[in-house]
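Presented below is the structure to which this report refers.
The values are calculated or read from the model by the stated rules, or taken from the named source; none is laboratory data. Quick caveat: nothing in here was measured; it's all calculated off a predicted structure. When we count neighbours, we look across all protein chains shown, and the Cβ atoms used for this are built from the backbone with ideal geometry, even at glycine. Surface accessibility is based on the protein's heavy atoms, side chains included, excluding ligands, DNA and RNA. Shrake-Rupley method; radii C 1.70, N 1.55, O 1.52, S 1.80 Å.
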Amino acid sequence: MDSADTDWDGVRLHVVTGKGGTGKTTVAAALALALASGGHKVLLVEVEGRQGIAQIFDLPPLPYEERRIAVAPSGGDVYALAIDPEEAMLEYMEMFYGMRRAGRALTKMGVVDFATTVAPGFRDVLVTGKTTEAVRRRGKDGKRVYDAVVLDAPPTGRITRFLNVTQEVAGLAKVGPIKNHSDLVHGVVKSPETAVHFVTLLEEMPVQETLDGIAEVRTAGLATGGIFINMVRESLLPQATLDAAAQGRFDIGDLALGLKSAGLADGADATSLAEGLAEEIVEHARRTELEQQERESLGEAALPRYELPLLTDGVDLAGLYELAESIRTQGAA
Amino acid sequence: MKKPAVLDIDAILDDRGTRIIVCCGAGGVGKTTTAAALGLRAAERGRCVVVLTVDPARRLAQSMGLTELDNTPRLISESDGGGQLFAMMLDMKRTFDEIIEAHADPERARQILSNPFYQSLSSSFSGTQEYMAMEKLGQLRRSNEWDLIIVDTPPSRSALDFLDAPERLGRFLDGRFIRLLTAPAKAGGRSAFRLLNAGFGIVAGAMTKLLGAQVLTDLQTFVSALDAVFGGFRQRAELTYKLLQAPGTAFVVVAAPERDAMREASYFVERLAEERMPLAGLVVNRVHESPAATLSGVRSAAAAEDLAAKGEHELTAAVLRLHTGRMQLAAREHREQEHFVSAHPTVPVAQVAAMAEDVHDLEGLRRIGELLANAPG
């Protein structure tokens, strides 16, 4: 598929957020793979110090440097970077002010620790600053070094504050380089090159949080991306059967006959097994019905939606490629 | 899997010696719901309970019959046995402001509350929520109005932040940087940097260059103003910390049967042991079991194939495929828990079956409470 065919053509910074437990990091990683495929170069950035990327790609903990971690289907590279706010601050000071000595002194005095933990606005500026620098970076040939950057961002509850750096920092630093820097970051974040994607499950709480998050991001004037519905279970039953089962109606007799025919059980055994299975089906049907309601709620946001299958064996490297493929076929990358 | 001991929830709730239950664990595993369900169950067994939550989920408030929760405990329900359930949601800024107002003279309090650094610290410092949860817990405990306090911990970056917050705030206050910033003010010097050594000169220069002079002035005002109330802060943080170590406290680690959540649970159990915090056990939420577990996933899949090949009983084949998926899921969840149990064989466990629907009302919370109390280990 040509990159011009995707839904997010022109977007260079993909911010991936979601409620805890929805598989935000997994989706970010799969999206990076999908964006890289076909010979592109993509940077996957992690900011929360969890080393989640390393775990998913089954690698030792990542250092604070950009390194290649995966090759995408049909060529293309995924690089990863785990941003450490302290390191980012030192690098930043050296890069912009040549203050290596002062940087070390600051570290020793706990200033860096202070600035990066006590004033989270500063930390967010450093992290988003490093990320947007990678987005803007150009090689000797004048072309962008990365075709896309995927940011495994903080959870939905914090995302707007995290991205809205100017506002956060404005209260603290009214003038000076940090202020200028945050303005620069803001320029990238607010541009059409950035989109905020939401990862959710088809459950009430994550869906509600996603809708709240989308509203918040919109109010802040940031560009919304797509909704990635993660861990979707396919339903193998006909809709009529599901509808009846959701009402608690399911024909056990017919099922028992089927079990008998399959050689699984006989007589009373077949009936009791059928009862157990029927209980499963009723539960499944009720959940499917609720999931459908959640899908409809998500529709209110009027954003492109992508459904990613539940990987029954858990997320491993093969599963990640499967998700990446799914993202590509649905046109998200 | 070696069978772990079963976590006896009712024994903990009924023990009048249990004064504090802390629910901790990774984000998104149902900590808050577990805390609320434990609270309701305890109240219905005659305890006077307050649930302190840090989760701003409206749904939880609604499930307890309130439009929203705030910083004041609200009565949720009363039971025939004299038990009562109260609930509140931590407002960290409000709690912080109250501490400042209570411990600084009005002029100083005004200075602090209007300082931009205070506003940043009180509303978004990553440790503030944890710290204020501890502070609130201490306040509730000292008030002695409730005989059981149940608290859920903030959804932090790391589950450990809860334990680290007081120490971190302490480290911040004790840091050389802070001491340097406060020193001139204490010495009564007009110029903040006049008395300082060359090393700090570099730092101050760098700070000014980076942040602008206004920031440094604000910071200094903030630190020296707050300095006056800091002693009390740390002291109370230490008291609360000791309270958590005391025998009246029970830590309940909450997890879901998924890799990350179980890993975090392991981490937490080890950390609690290190800190000599009393661990009651592990609650594993959203466990998928099958009511037809006698039929293995493999056999079920083979039978489905068989039926499909014969071209009959299409529906049964679909049911069998679904069953296979369910058994695979159950097996995976089982494996994730196995890692935990083999690493921590002495930790009692309670499994709570996944429910089709989220909790909407007290009835739902009651059901969770029943599942918790009658849970298989």
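Looking across region A:259-289 at every residue that is more than 15 Å from B:Thr316 (Cα to Cα) and out of contact with any helix residue (DSSP H, G or I) (no Cβ under 8 Å at 6 or more places or on another chain), the one that is modelled with the lowest pLDDT is identified as A:Gly267. Scanning region B:287-299 for residues that are over 36 Å from the mean Cα position of the chain (by Cα) and facing chain A (nearest Cβ under 8 Å) returns B:Thr294, B:Leu295, B:Arg299.
The criterion of at least 1 residues that are away from every other protein chain (no Cβ under 14 Å) and open to solvent by 10 Å² or more (accessible area, probe 1.4 Å) is met by the following helices (runs of 4 or more DSSP H) wholly inside region B:1-81: B:9-14, B:31-44.
Of the residues B:Val359, B:Val319, B:Val352, B:Val341, the single one that is open to solvent by less than 30 Å² (accessible area, probe 1.4 Å) and either of a type outside the set (A, V, I, L, M, F, W, C) or over 23 Å from A:His284 (Cα atoms) (or both) is B:Val341. Out of B:Glu305, B:Glu312, B:Glu333, B:Glu357, one residue alone is farther than 30 Å from B:Gly65 by Cα, within 12 Å of chain A (Cβ to nearest Cβ) and outside any helix (DSSP H, G or I). It is B:Glu312.
Within region B:82-101, the set of residues being open to solvent by 40 Å² or more (accessible area, probe 1.4 Å) and farther than 18 Å from B:Ala133 by Cβ comprises B:Gly82, B:Gln84, B:Glu101.
The rows are residues; the columns are (1) aliphatic (A, V, I, L, M); (2) in contact with a Gly (Cβ under 7 Å, 6 or more places away or on another chain); (3) closer than 30 Å to A:Ala36 by Cα.
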{"site": "A:Leu255", "(1), (2), (3)": "yes, no, no"}
{"site": "A:Ser261", "(1), (2), (3)": "no, no, no"}
{"site": "A:Glu275", "(1), (2), (3)": "no, no, no"}
{"site": "A:Glu279", "(1), (2), (3)": "no, no, no"}
{"site": "A:Val282", "(1), (2), (3)": "yes, yes, no"}
{"site": "A:Ser297", "(1), (2), (3)": "no, no, no"}
{"site": "A:Leu320", "(1), (2), (3)": "yes, no, yes"}
{"site": "A:Thr329", "(1), (2), (3)": "no, no, yes"}
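Name the single residue, out of those in region B:251-278 being under 17 Å from B:Val352 (Cβ atoms) and of a type in the set (Gly, Ala, Ser), that is modelled with the lowest pLDDT. Here the answer is B:Ala261. Suppose the filter is within 12 Å of chain A (Cβ to nearest Cβ), under 38 Å from the mean Cα position of the chain (by Cα) and either closer than 18 Å to B:Ala354 by Cα or at pLDDT 95 or above (or both); does B:Gly281 pass it? Spelling it out, it is not the case that B:Gly281 is within 12 Å of chain A (Cβ to nearest Cβ), under 38 Å from the mean Cα position of the chain (by Cα) and either closer than 18 Å to B:Ala354 by Cα or at pLDDT 95 or above (or both).
Pairs meeting the criteria (first residue in region B:265-291 and closer than 18 Å to B:Thr32 by Cβ, second residue among the hydroxyl-bearing types (Ser, Thr, Tyr) and not in a strand (DSSP E or B), beta carbons under 6 Å, at least 6 apart or on different chains) are B:Val283/B:Thr34.
Within region A:42-51, restricting attention to residues that are open to solvent by 10 Å² or more (accessible area, probe 1.4 Å) and within 17 Å of A:Val149 (Cα to Cα), which residue is modelled with the highest pLDDT? Across region A:42-51, the extreme among qualifying residues is A:Val47. B:Pro376 meets all of the listed conditions (1) more than 10 Å from every other protein chain (Cβ to nearest Cβ); (2) more than 26 Å from the chain's Cα centre (by Cα); (3) assigned to a loop (DSSP other than H, G, I, E, B) but one, namely (2). One residue stands out in region A:224-242 among those that are hydrophobic (A, V, I, L, M, F, W, C) and free of Cβ contacts under 8 Å to residues at least 60 places away in the same chain: the one that is surrounded by the fewest Cβ atoms within 10 Å (Cβ to Cβ), namely A:Ala240.
Scanning region B:278-298 for residues that are open to solvent by 10 Å² or more (accessible area, probe 1.4 Å) and either touching a helix residue (DSSP H, G or I) at 6+ places or on another chain (Cβ under 6 Å) or within 14 Å of B:Gly325 (Cα to Cα) (or both) turns up B:Leu279, B:Ala280, B:His288, B:Glu289, B:Ser290, B:Pro291, B:Ala293, B:Ser296, B:Gly297, B:Val298. So which residues in region A:37-60 are closer than 22 Å to A:Pro73 by Cβ, assigned to a loop (DSSP other than H, G, I, E, B) and in contact (Cβ under 8 Å) with a residue 24 or more places away in the chain? A:Ser37, A:Gly38, A:Gly39, A:His40, A:Phe57, A:Asp58, listed by residue number.
Of all the numbered requirements in (1) among the basic types (Lys, Arg); (2) facing chain B (nearest Cβ under 8 Å); (3) farther than 30 Å from A:Thr210 by Cβ, A:Arg287 misses one, and that requirement is (3).
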